[in-house]
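Okay, structure first, notes after.
The values are calculated or read from the model by the stated rules, or taken from the named source; none is laboratory data. All of these numbers come straight from a predicted model, not from anything done at the bench. Virtual Cβ from ideal backbone geometry, glycine too; neighbours counted across all protein chains shown. Side chains are part of the model used for accessible areas, which takes the heavy atoms of the whole protein and leaves out ligands, DNA and RNA. Shrake-Rupley method; radii C 1.70, N 1.55, O 1.52, S 1.80 Å.
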Amino acid sequence: DAGITQSPRYKITETGRQVTLMCHQTWSHSYMFWYRQDLGHGLRLIYYSAAADITDKGEVPDGYVVSRSKTENFPLTLESATRSQTSVYFCASRTSGGDTQYFGPGTRLTVL
Amino acid sequence: KQEVTQIPAALSVPEGENLVLNCSFTDSAIYNLQWFRQDPGKGLTSLLLIQSSQREQTSGRLNASLDKSSGRSTLYIAASQPGDSATYLCAVGNTGKLIFGQGTTLQVKP
């Protein structure tokens, strides 16, 4: 399907485990973003990428790792999950010259 | 550091009412401002984007205004409908990144 997809949609894991959230877009957008959404904080930027092999930190990058070997994929890895990383994670993308970001449906992650 | 605030956090109105959602930001050096809609359990959908050089944008029953000097934006919804019930978020854009407010959750009662 065309658009931006995230997997899994729901994930429960335990403290200390490694978790990878996937994001895939079919538009060949240059830019991709990872946000987390928490009550009381709204959406906060974790990492973003301007192109394949180019990534940069956002507002709350600690505890997360990203990679972008292909334009269409932007996985987010929690190397050692903590309870504070329980959140809803959104991936987004946009063109290099555009302003509007297009969001995926989100992944609800629970860390026990 | 840019901070974006949306007041009120929640709003309940009867169907047919015109309403205004507010967004304020602390740093006027913005590139654009966007309004998004978020339905429960879903992602965000872009509603309107106002460039920093613009004063307002309109789409159907929605009108968004921007006053950079005062650090304010409003989203006006005309003749509200139950289908408008959702959370509305504003986001300030600068250097290609977005800073979001916490959103206003709107309930339109039939």
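What to note about this one:
- Of the strands (runs of 3 or more DSSP E) lying entirely inside the range A:12-112, those containing at least 2 residues that are at pLDDT 95 or above, within 30 Å of B:THR5 (Cβ to Cβ) and under 11 Å from the mean Cα position of the chain (by Cα) are A:19-25, A:31-38, A:42-51, A:64-66, A:76-78, A:87-94.
Okay, residues lined up against (1) buried (at least 20 other Cβ atoms within 10 Å of the Cβ); (2) facing chain B (nearest Cβ under 8 Å); (3) in contact (Cβ under 8 Å) with a residue 40 or more places away in the chain:
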site: A:SER28; (1), (2), (3): no, no, yes
site: A:TYR47; (1), (2), (3): yes, no, no
site: A:ALA52; (1), (2), (3): no, no, no
site: A:GLY58; (1), (2), (3): no, yes, no
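- Any hit, the range B:35-53, residues being more than 11 Å from chain A (Cβ to nearest Cβ) and over 24 Å from A:PRO105 (Cα atoms): yes
- Residues within the range A:85-112 that are free of Cβ contacts under 8 Å to residues at least 24 places away in the same chain and hydroxyl-bearing (Ser, Thr, Tyr), tallied: 1
- Across the range A:7-18, the qualifying residues are those that are within 15 Å of A:GLY106 (Cα to Cα) and in contact with a Leu (Cβ under 7 Å, 6 or more places away or on another chain), and the one among them that is least open to solvent (accessible area, probe 1.4 Å) is A:LYS11.
- Residue check for A:PHE33: at the interface with chain B (Cβ under 10 Å from one of its Cβ atoms), touching a residue at least 40 places away in the same chain (Cβ under 8 Å) and buried (at least 20 other Cβ atoms within 10 Å of the Cβ): yes
- Lone unmet requirement of (1) within 14 Å of chain B (Cβ to nearest Cβ); (2) touching a Cys at 6+ places or on another chain (Cβ under 8 Å); (3) among the polar types (S, T, N, Q) for A:ASN73: (1)
- Residue in the range B:44-54 that is in contact with a helix residue (DSSP H, G or I) (Cβ under 9 Å, 6 or more places away or on another chain) and either free of Cβ contacts under 8 Å to residues at least 40 places away in the same chain or not β-branched (Val, Ile, Thr) (or both) present: no
Condition check ((1) in contact with a Gly (Cβ under 9 Å, 6 or more places away or on another chain); (2) more than 14 Å from every other protein chain (Cβ to nearest Cβ); (3) more than 15 Å from A:GLN6 (Cβ to Cβ)) across all residues:
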residue: A:SER67; (1), (2), (3): no, yes, yes
residue: A:ARG83; (1), (2), (3): no, yes, yes
residue: A:VAL88; (1), (2), (3): yes, no, no
residue: A:CYS91; (1), (2), (3): yes, no, no
residue: A:ARG94; (1), (2), (3): yes, no, yes
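- B:GLU15 meets all of the listed conditions (1) over 13 Å from the mean Cα position of the chain (by Cα); (2) modelled with pLDDT under 95 but one, namely (2).
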